[in-house]
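Written out below as structure tokens is the structure these notes cover.
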Amino acid sequence: MQSETEMLATSLTQQLIEQAKELKFDLVGIVLPTDAQTYKHFSQWLELGYAGEMEYMVRTKQLRKNPKAIMKECKSVIVVGVSYANAFNDEARYDNNSDELVGWVSAYACRSDYHDVIRARLTELREWIKGKVSWAKCKVCVDSSPILERELAVRAGFGWFGKNTNVVSKQFGSYFFIGELLTNVELEPTEAFERDRCGICNRCIEACPTGALISPKLLDARRCISYLTIEHRSAIQFELRERIGRWIFGCDICQQVCPWNNKAKVGATVEQWKTRYEMFRQNLLELLSLSEDNFKRRFSGTPIARIGRKRFLRNVVVALGNTMDERAIEPLARLLCSNEDSLVRSHAAWALGRIGNRMARTALERFWKQECDECVRSEIENALQRMQ
């Protein structure tokens, strides 16, 4: 027999899940705030240096052990998922037969910033809880909060840890965002997802161009294209630049090859939270000429705005080099001559070397004489050496 308290918790949990669905959350579950089962694995991952330049993960390591570390009164964690799956045609999206020199943007970034969208909905859910329980306290968490959210998603019943390290749902594949609402209200936990359904499939590991997936469920972020084009702030490792291809923000390869994503359902918010399809394929030469103001206007409210124009230009320059198209030589040469940032100039030198014809060589030789920055000069010299 359930006690009165347990019955109230069950009733409130059912109402809350229904309300979350009304707010267009595609997945909803409840977990208890216990120590993370994957914390040891996470700690070892950090010790191996696989987080790269993401020092914030090291700084907040202890906070990630248990949700109570960021909200001591927490008694329940409401975990939500929002699908960003779309019925777009990947073959058309990455068609290289176009005359345009295009770069590719990860599907998740081709819309309003998910941090803002999910935070707004979780805030609405928080107010609903406070309307039901006057003494309720809640904390909204979206991605940047120090919490091991993928484990919470598995424990909430969303899916399993895929070999590409994403959580994979039977309904939505891995194309969904995760958010949490921590509360001091006791709720009834939902059932965890127990079975790993990847089986013998290794398509994600085999498809990764940079070898970032070392083994099933183990990612060296330092080699991951998403990390390199978003989180990495300095020069991209020389031997990885060619493997980045035309990705200028993020990468979807390990998700595109996953069979579960072939059957991913379109989420409840597909109409209200529309994809900006024009963002999937970006004209690289057009991006190269964006001023700071135009960059902000073009990408305001999207995840791309978070990395700033300098890093974004670095990515665009690498993608242009990987087109190996002569049309990129003149704009890359102008960038090498005039851009104020040495990070951008050094990658422009590499891109000219990658294209590697006589025109590119002439530009590199001309600008080597006037370049004062030693790192850029070294890149120019390396590029010229490769062209011999």
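The values are calculated or read from the model by the stated rules, or taken from the named source; none is laboratory data. Predicted model only: the values in this text are computed from it and were never measured. Using ideal geometry, Cβ is built from the backbone for each residue, glycine included, and neighbour counts are taken over all protein chains shown.
A few remarks follow.
Yes/no per residue for (1) basic (K, R); (2) closer than 29 Å to Q15 by Cβ; (3) in contact with a Pro (Cβ under 6 Å, 6 or more places away or on another chain):
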| site | (1), (2), (3) |
| --- | --- |
| Q171 | no, yes, no |
| G179 | no, yes, no |
| P189 | no, yes, no |
| F193 | no, yes, no |
| R197 | yes, no, no |
| A207 | no, no, no |
| A212 | no, no, no |
| L218 | no, no, no |
| R223 | yes, no, no |
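- For the range 140-176, residues that are of a type outside the set (K, R) and either farther than 21 Å from K265 by Cβ or outside any loop (DSSP other than H, G, I, E, B) (or both) total 22.
- With respect to the conditions (1) touching a Lys or Arg at 6+ places or on another chain (Cβ under 9 Å); (2) over 21 Å from S338 (Cα atoms), R297 lacks only one, and its number is (1).
- All told, V77 falls short of being in contact with a helix residue (DSSP H, G or I) (Cβ under 7 Å, 6 or more places away or on another chain), part of a strand (DSSP E or B), at pLDDT below 95 and buried (at least 18 other Cβ atoms within 10 Å of the Cβ).
- Scanning the range 368-388 for residues that are crowded, with 20+ Cβ neighbours inside 10 Å and in a helix (DSSP H, G or I) yields V376, E379, I380, A383.
- Taken over the range 315-339, the criterion of being among the charged types (D, E, K, R) and buried (at least 21 other Cβ atoms within 10 Å of the Cβ) is satisfied by no residue.
- So G250, is it more than 30 Å from C74 (Cβ to Cβ), buried (at least 20 other Cβ atoms within 10 Å of the Cβ) and among the small types (G, A, S): yes
- Taking the range 340-367 as the range and being of a type outside the set (A, V, I, L, M, F, W, C), surrounded by 20 or more Cβ atoms within 10 Å (Cβ to Cβ) and more than 20 Å from V102 (Cβ to Cβ) as the test, the residues that pass are R345, S346, G353.
- Boolean, R233 is surrounded by fewer than 15 Cβ atoms within 10 Å (Cβ to Cβ) and over 24 Å from L101 (Cα atoms): yes
- Every residue from the range 293-309 that is surrounded by fewer than 18 Cβ atoms within 10 Å (Cβ to Cβ) and part of a helix (DSSP H, G or I): D293, N294, K296, R297, R298, A305, R306, G308
- Scanning the range 14-68 for residues that are assigned to a loop (DSSP other than H, G, I, E, B) and basic (K, R), we see that the one that is nearest to the chain's Cα centre (by Cα) is K61.
- Scanning the range 121-137 for residues that are of a type in the set (V, I, T) and part of a loop (DSSP other than H, G, I, E, B) returns a single hit, V133.
- Test result for R195, of a type in the set (D, E, K, R), within 27 Å of V82 (Cβ to Cβ) and in contact with a strand residue (DSSP E or B) (Cβ under 7 Å, 6 or more places away or on another chain): yes
- Just one of (1) modelled with pLDDT of 95 or more; (2) out of contact with any strand residue (DSSP E or B) (no Cβ under 7 Å at 6 or more places or on another chain); (3) not β-branched (V, I, T) fails for R126. It is (2).
- Condition check for G179: of a type in the set (G, A, S), buried (at least 18 other Cβ atoms within 10 Å of the Cβ) and assigned to a loop (DSSP other than H, G, I, E, B): no
- Filtered by the rule that a residue be surrounded by 14 or more Cβ atoms within 10 Å (Cβ to Cβ) and β-branched (V, I, T), the range 194-224 gives I205, T210, I214.
- Here K130 clears all of (1) farther than 30 Å from G211 by Cα; (2) free of Cβ contacts under 8 Å to residues at least 60 places away in the same chain; (3) crowded, with 18+ Cβ neighbours inside 10 Å except the condition numbered (3).
- Test for F312: is it touching a Phe, Trp or Tyr at 6+ places or on another chain (Cβ under 8 Å) and surrounded by fewer than 20 Cβ atoms within 10 Å (Cβ to Cβ): no
- Selection count, the range 310-339, where residues are over 24 Å from D293 (Cβ atoms), in a helix (DSSP H, G or I) and among the acidic types (D, E): 1
- When the range 174-221 is filtered for residues that are farther than 30 Å from G131 by Cβ, at pLDDT 95 or above and acidic (D, E), the ones remaining, listed by number, are E206, D220.
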